[in-house]
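A short worksheet on the structure shown next.
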Amino acid sequence: MKLVEPILAFQTELQEIRRDLHAHPELCYEEVRTADVVAARLTEWGIPVVRGLGVTGVVGSIKNGNSNRAIGLRADMDALPMQEINGFAHASRHPGKMHACGHDGHTAMLLGAAHHLARHRNFDGTVYLIFQPAEEGGGGARRMMDDGLFEQFPMEAVYGMHNWPGIAEGNFGVVSGPMMASSNEFRVTVRGKGAHAAQPHRGIDPVMVAVQIAQAWQTIVSREKNPLESAVLSITQIHAGSATNVIPDEAELIGTVRTFSTAVLDLIQRRMEEIAAGVATAFNASVDFSFKRNYPPLINHPEQTAFAVEAMRAVVGPERVDTHVEPTMGAEDFAFMLQEKPGCYVFIGNGEGSHRAGGHGLGPCQLHNTSYDFNDNLLPIGASFWVKLVEMSLPQS
């Protein structure tokens with residue numbers, strides 16, 4: 001590896017920052033302390049700060065030279081509503097809140113890059129440091145954009161990074177085009193007619209209608225969608241009834257749909273509604289259909305992806321960069337930014353969990369797991385990648 005030496009020298013302080021953030025997790029749009037820490041560090045290093053975009057977002061600006069060119073680097077700050085079971089010293093001090101996705105590490109890596117860029121300024125142009133709230137279901141990226149992120153901080157490209165358990169520690173993974181799926185949720189209420197369970201002929205059983213709808217929906221994925229396109233339709237909740245001898249009035253189906261393209265999503269949503277209505281009519285029932293589109297597919301732009309690959313290879317070597325990493329049906333609101341600006345989102349390998357300090361939980365070191373912890377060995381690697389990306393994107397003449 002060719003890591004940036006001053007960042008390596010700063011690693012201990014970066015680890016302290018990361019573990020402090022891990023011990024004080026904050027949920028969507030509640031990242032007040034986290035934003036205070038970020039803003040205080042940036043200000044200490046002489047970096048101008050703007051706060052309040054997306055409620056708790058922070059944007060730092062580092063300018064050097066005469067070029068009008070600019071790029072953005074984004075890190076997310078929020079935690080998850082989970083109870084951490086780790087027992088090490090930096091475990092969450094707030095019950096029911098946990099940095100189980102590594103956003104504490106993402107924030108620390110970008111701070112590490114900010115510290116180096118502010119001191120050495122080996123680039124010509126402007127770097128915008130975007131510390132975003134509310135990635136975990138809150139759409140913080142969209143909220144920052146709605147508050148004028150790209151108007152107030154004009155940039156030609158934007159980049160993001162996420163740790164990824166299962167990829168070897170310090171390796172990188174990326175793919176041009178679709179890399180993460182859209183995230184959507186549905187809620188369907190089947191309205192029948194309640195009756196005594198011993199007299200089903202006197203009612204309209206919404207449970208049986210819901211079962212028929214659930215089965216029919218799966219044919220959308222298996223028989224109507226192009227088999228070369230990926231999609232997931234998962235019914236994760238079915239709610240109905242409260243007594244063993246009563247046919248209820250209603251039954252509810254709840255779940256998620258994931259796709260890599262808007263066209264496939266359009267097909268699935270349309271056919272779900274048509275099938276639900278048709279099946280209900282066939283059984284003399286009715287339905288209320290609700291479908292919410294949360295995050296769009298995350299689609300990396302080819303030119304910026306190729307550029308990011310060059311920077312990754314320069315830092316860790318070509319053999320540690322997978323340019324055809326398997327896309328995931330997980331979702332990420334950085335996708336909103338990539339709809340507005342060219343850019344790229346990359347994975348940095350978090351390893352298998354052997355890095356965890358003594359006292360960690362017995363569960364796997366996977367994202368959104370109560371035993372998870374970010375790998376601090378990644379701090380200088382990720383920060384070095386950010387610095388290399390800036391220096392390559394905004395070269396000095």
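Results, tabulated for the structure shown:
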quantity	calculated
Efficiency of FRET between residue 273 and residue 397 - r from beta-carbon atoms, R0 51 angstrom, step 0.05	0.35
Probe 1.4 Å, all protein chains present, accessible-area order of 94, 196, 162, largest first	196, 94, 162
Calculated P(r) of segment 300-340 - Cα pairs past 12 Å, %	68
Solvent exposure ordering (accessible area, 1.4 Å, most first) of 4, 59	4, 59
Paramagnetic label zone (point 7 Å from Cα along Cα-to-C-beta, residue 68; backbone N under 17 Å) in segment 150-178	151-157
Residue 303 - accessible surface, heavy atoms, 1.4 Å probe, Å² rounded to 10	140
Assigned charges on the beta-carbon of Lys, Arg, Asp, Glu; the chain dipole about Cα centre (debye)	220
Label assignment, Cα extents along the principal axes in Å derived from the structure, set (i) 74, 51, 40; (ii) 64, 53, 39; (iii) 80, 44, 40	(iii)
Built amide H within the under 5 Å cut-off of residue 294, gap 5+	183, 184, 185
Extension gain (nm, one decimal) between residue 9 and residue 223, 0.36 nm per residue minus Cα-Cα	71.4 nm
Probe 1.4 Å - accessible area at residue 104, Å² to nearest ten	0
Cβ-placed point charges (K, R +1; D, E -1), dipole of segment 30-96 about Cα centre in debye, nearest 20	340
Solvent-accessible surface (1.4 angstrom probe) belonging to residue 397, in square angstrom, nearest 10	150
Pairwise label distance in nanometres, residue 354 with residue 245, each label 7 Å out on the Cα-Cβ vector	6.2
Contour minus Cα-Cα distance for residue 254 and residue 32 (0.36 nm per residue)	76.6 nm
Average silhouette area of segment 273-397, convex hull of alpha-carbon atoms, in square nanometres	12.8
Where 299, 167 fall by accessible area, highest first, once all protein chains stay in place (1.4 Å)	299, 167
Three-way shape label, segment 1-108, alpha-carbon gyration tensor, a/c 1.5	oblate
Check: segment 66-124 dipole with +1 on Lys, Arg Cβ and -1 on Asp, Glu Cβ, in debye	220
In degrees, nearest ten, helix 32-44 long axis to first principal axis of the chain (Cα)	20
Counting DSSP beta bridges with both ends in the chain, the antiparallel % (nearest 5)	65
Where labels lie 7 Å past Cα in the beta-carbon direction, separation of residue 191 and residue 326 in nm	4.4
Helix 302-316 vs. the chain, principal-axis angle (Cα, 0 to 90°, nearest 10)	60
Segment 81-95 - phi-based ³J(HN,Hα) in whole Hz, Karplus 6.51/-1.76/1.60, Gly and Pro as x	x, 9, 8, 6, 10, 5, x, 6, 4, 9, 4, 4, 9, 10, x
Eligible lysines near residue 388 by straight Cα distance, threshold 25 Å, same-chain separation 8 or greater	2, 63, 341
Principal axes of segment 120-229: Cα extent on each, largest first, Å	80, 34, 28
Angle in degrees between helix 379-393 and the longest Cα principal axis of the chain, rounded to the nearest 10	80
Karplus-derived 3J(HN,Hα), 6.51/-1.76/1.60, for each residue of segment 13-29, Hz, glycine and proline x	5, 4, 5, 4, 4, 4, 6, 5, 5, 4, 6, 10, x, 9, 7, 3, 6
Overall Cα dimensions of segment 237-338, principal axis frame, Å, largest first	67, 29, 20
Among 289, 113, 68 - extreme Cα towards positive end, dipole of the chain, charges at beta-carbon	289
Net +/- balance of residues flanking residue 43 in space, Cβ distance below 12 Å, scoring K and R +1, D and E -1	0
Given charges at Cβ of Lys, Arg, Asp, Glu: the chain dipole, positive-most of 190, 325, 304	190
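The values are calculated or read from the model by the stated rules, or taken from the named source; none is laboratory data. Keep in mind that what you see is a predicted model, and the values were worked out from it rather than measured. So basically every Cβ, Gly included, is an ideal-geometry build from the backbone, and we count neighbours across all protein chains shown. Remember, those area values only see protein heavy atoms, side chains included, never the ligands or the DNA or RNA. Shrake-Rupley method; radii C 1.70, N 1.55, O 1.52, S 1.80 Å.
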